[in-house]
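Structure record follows, encoded as structure tokens.
Read-outs throughout are calculated quantities, based only on the coordinates presented, and are distinct from any laboratory measurement. Because the structure is predicted, anything quoted here is derived from the model rather than measured. Here the Cβ is made from the backbone with ideal geometry for all residues, glycine too, and neighbour counts use every protein chain on show.
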């Protein structure tokens, strides 16, 4: 279980991005949503250890990880997928997935991880994870990498970004298969209704605070109604995500 106790983040000492966030997360799929600039991605990076909270405490399965580095948290079973994936010049896709798995894995296993995210393995295993890959390709490779890691806590910051041509059904299937392998918790930062709809629970962050945290069935329809009202008020004619 992941527990956040009174997490606040004020990077410049003046503007508070997160304020006294208290959460206990142990469900299979937990979606984090809210307005742009509400602090969702900041919260995800604090969980991963990319940035340190100004105050508060973070526990993973009862162990205080507040002062642990990104590397230490990774060793303790946390994975993180960036909204904009990192490029690794000089490292091939095969090497990256092997490093993520933490062991030598077969070509067949690598093919399985890549095909699961909609990539043809023979076209990618020997390619470098560099600027020659599109944002969408990098995103899928990153998801395959985290799938290969198989950690007890995986955090995805807007995993649907840059993969518009790949069906959401496949993305959702990847998450479900990932859970079956790890039996861990998957936290997904997203605005997409189809992503929110697979969540067991939804956390709504607004103004740096937890505005709501409840079972998906208790909150999902309310979010859809609010978005529909906002679209009508702004004159939008589209209703898709």
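Based on C-alpha pairs under 8 angstrom that are at least 6 apart in sequence, the chain has a relative contact order of 26 percent. Anisotropy class assigned to the stretch 126-213 is prolate, per the alpha carbon gyration tensor with a/c at or over the 1.5 cut-off and a/b larger than b/c.
Panel order for 178, 1, by other beta carbons found within 10 Å of each beta carbon, from fewest to most: 1, 178.
Full extension of the segment from residue 194 to residue 20, taken as 0.36 nm per residue of separation minus the current Cα-Cα distance, would add 59.7 nm. If you fit an axis through the alpha-carbon atoms of helix 135-149 and take the longest principal axis of the Cα set of the chain, what angle between them do you get, 0 to 90°, nearest 10? The angle comes out at about 80 degrees.
Among DSSP beta bridges whose residues both lie in the chain, state the antiparallel percentage, nearest 5.
55
Averaging 1/r over every pair of different alpha carbons in the chain and inverting the result gives a Kirkwood radius of 18.7 Å. When the alpha carbon coordinates of the stretch 25-111 are projected onto the principal axes, the ranges are 43, 31, 27 Å, largest first.
The length gained on full extension between residue 179 and residue 6, counted as 0.36 nm times the residue separation minus their Cα-Cα distance, comes to 59.4 nm. Using just its DSSP H runs of length 4 or more, each adding -39500 (n - 2.57), the chain gives a mean residue ellipticity at 222 nm of -11000 deg cm²/dmol after division by all residues.
Neighbour counts of C-beta atoms inside 10 Å place 86, 30, 70 in the sequence 86, 70, 30, starting with the fewest.
Once the Cα atoms are used to define both axes, helix 216-234 deviates from the longest principal axis of the chain by about 80 degrees.
Sorting 191, 15 from the fewest to the most surrounding beta carbons within 10 angstrom yields 15, 191.
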